[in-house]
1. Are any residues in segment 190-211 under 20 Å from SER255 (Cα atoms) and crowded, with 22+ Cβ neighbours inside 10 Å, and if so, which ones?
2. How many residues, within segment 168-208, are among the hydroxyl-bearing types (Ser, Thr, Tyr) and under 10 Å from GLY230 (Cα atoms)?
3. Quick one: in segment 45-71, of everything that is more than 18 Å from ARG208 (Cα to Cα) and open to solvent by less than 30 Å² (accessible area, probe 1.4 Å), which residue is nearest to the ligand (Cβ to nearest atom)?
4. Across segment 199-248, what is the total count of residues that are within 13 Å of the ligand (Cβ to nearest atom) and part of a loop (DSSP other than H, G, I, E, B)?
5. When you go through VAL100, VAL88 one by one, which is the residue that is in contact (Cβ under 8 Å) with a residue 40 or more places away in the chain, under 22 Å from ALA166 (Cβ atoms) and more than 13 Å from the ligand (Cβ to nearest atom)?
6. Does segment 155-175 contain any residue that is within 16 Å of the ligand (Cβ to nearest atom), touching a residue at least 60 places away in the same chain (Cβ under 8 Å) and β-branched (Val, Ile, Thr)?
7. Tally the residues that are in contact with a Gly (Cβ under 8 Å, 6 or more places away or on another chain), surrounded by fewer than 24 Cβ atoms within 10 Å (Cβ to Cβ) and outside any helix (DSSP H, G or I), restricting the search to segment 249-274.
Amino acid sequence: MLNGSGTFDAIAARRAFGEALIEQFPFDAFVSKTITREPRQGNPPPRLWETPAGLINSIGLPNKGLAGFLESDLPQLAELPVPLIVSVMGFSRDELAQLVAAVGARDEVAMLELNVSCPNVETGLVMGADPVETAAAVERVRSETEKPLIVKLTPNAANPAAVARAAQDAGADAVSLVNTLKGMALHPQTRQPWLGGRTGGVSGPAIRAIALEQVASVSARVEIPVIGMGGISTGRQAVDFLAAGATAIAIGTESFRDPAAGRRIAAELASLSLPGTEPAPASTVV
Ligand SMILES: Cc1cc2nc3c(=O)[nH]c(=O)nc-3n(C[C@H](O)[C@H](O)[C@H](O)COP(=O)(O)O)c2cc1C
């Protein structure tokens, strides 16, 4: 059970909940918010719109940049009681390679996740939307670290399974999906885009059926582990993702409603039997 990158601020949560957060950490591994090489302010506000079944966010990857992350965030994230996965995004293959090398060299980091899918930033779409671009990015960074590399796929691709296959063939150790789907909301009076970034990424229950289909089709195309996410808010929904082929799941938007959602969903999951493991109904026993 992981968190979706950018949906759980463990440093702020520790300030709010104190040592209780460490004692009852909601996830089995923690994924950082995506970092970039240079510091970023993010998109102008407003940055969120609530839909009947989820969110549209236009955060725009605000972060301290590589140096700021290594200096101030990493030591705090290293105190968490679970392995740390750092999410990185580069605006060129070389920039991505620099991030992978610098982050991968740190002992505190267990794995890296390549965000090739953030739809809020113009150039984010390019790498993850196309199998050839994705393969070139993974090939470029693969030799920069021996640590496991997860490629986070975008659902805004014509063929996510082909992108996943390309990532595997280029050396990825796992894929995670889905990131947010591109969406938009208009101001109720002005009919102008509500979000400061004009468009944003849709997440939450609204995207669950789409995510489930993509997890199933990606799982059928790759042999590496698949981390499934997209609108999961109960253990039963988590079982669906596992049945569709995911080997791990992540919780995103639900953590905004319930910061302990990861732990709750893991407990619900543990209480359910997985498909194929329950005893056959009596009538089918020979
Ligand atoms: C407010 C917000 C910020 C996010 N920031 C990131 C990010 O920095 N990097 C990333 O790869 N995904 C980011 N995501 C996407 C989530 O990690 C996840 O892939 C997506 O929300 C789908 O899962 P969910 O429906 O459970 O939220 C963000 C999502 C939200 C709602």
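The values are calculated or read from the model by the stated rules, or taken from the named source; none is laboratory data. Everything quoted here is computed from the prediction, not taken from an experiment. So basically every Cβ, Gly included, is an ideal-geometry build from the backbone, and we count neighbours across all protein chains shown. What goes into the accessible areas is simple: the full protein's heavy atoms, side chains included, and nothing from ligands, DNA or RNA. Shrake-Rupley method; radii C 1.70, N 1.55, O 1.52, S 1.80 Å.
1. Within segment 190-211, GLY200, GLY201, VAL202, SER203, GLY204, ILE207, ALA211 qualify.
2. Of the residues in segment 168-208, 2 are among the hydroxyl-bearing types (Ser, Thr, Tyr) and under 10 Å from GLY230 (Cα atoms).
3. Within segment 45-71, the match that is nearest to the ligand (Cβ to nearest atom) is LEU61.
4. Of the residues in that region, 8 qualify.
5. After ruling out the rest, the residue left standing is VAL100.
6. No, every residue in segment 155-175 fails to be within 16 Å of the ligand (Cβ to nearest atom), touching a residue at least 60 places away in the same chain (Cβ under 8 Å) and β-branched (Val, Ile, Thr).
7. Adding up the residues that qualify gives 1.
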